[in-house]
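What follows is a single structure, written as structure tokens, with notes after it.
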Amino acid sequence: MVKVTINELVCKGCGLCVRACPKGVLALSKTKLNAKGYHPAEVAVPEECIACASCARTCPDVAIRIEKD
Ligand code: SF4
Ligand code: SF4
């Protein structure tokens, strides 16, 4: 099982992680706004995640955590 956690408070909605994901797992929220006024990234299709950590490496704000068990 892979768990992708995005810290929505830190996320600035830049979309780099969305583009970095080879499996289309992530998306910017169309509805949510965080306290900074950004649409944060969210895990749209968690079952597709292959735990490559590309998103976490790409995020300039270190907002993504990948846990694998
Ligand atoms: S770990 Fe890889 S597959 Fe999973 S969300 Fe991040 S970039 Fe996508
Ligand atoms: S790369 Fe980081 S800051 Fe940018 S949208 Fe993704 S989680 Fe948010």
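Read the figures in this text as sums done on the coordinates, not as results from a lab. Remember, predicted model here, so these are calculated numbers, not experimental data. Here Cβ is always computed from backbone atoms with ideal geometry, including for glycine, and neighbour counts include all displayed protein chains.
Assorted remarks:
- Packing-based exposure ordering (other Cβ within 10 Å, fewest first) of Ile50, Ile64: Ile50, Ile64
- Cα-based shape type of the range 2-68, given that a ≥ b ≥ c are square roots of the gyration tensor eigenvalues and the cut on a/c is 1.5: prolate
- Here Asp61, Asp69 are placed in order of increasing Cβ neighbour count within 10 Å, fewest first, which gives Asp69, Asp61.
- Exposed-loop-free span, longest in the chain, where trypsin sites (Lys or Arg not before Pro) count as exposed if DSSP calls them loop and at most 16 other C-beta atoms lie within 10 Å: 37-69
- Net dipole in debye of the range 2-68 [+1 Lys, Arg Cβ; -1 Asp, Glu Cβ; about Cα centre; nearest 20]: 120
- Neighbour net charge for Val18 - beta-carbon separation under 15 angstrom, K R +1, D E -1: +2
- Annotation: the residues Val25, Val43, Val62, sorted from fewest to most other C-beta atoms within 10 Å of their own C-beta, follow the order Val62, Val43, Val25.
- If R0 is 22 Å, the Cβ-Cβ spacing of Lys68 and Thr31 corresponds to a FRET efficiency of close to 0.15.
- For the chain, Cys11, Cys14, Cys21, Cys49, Cys52, Cys59 stand unpaired, since no other cysteine beta carbon lies under 4.7 Å from theirs.
- For the cross-link pairs Lys12/Lys32; Lys3/Lys30; Lys3/Lys68, the ones whose C-alpha atoms lie over 18 Å apart are Lys3/Lys30.
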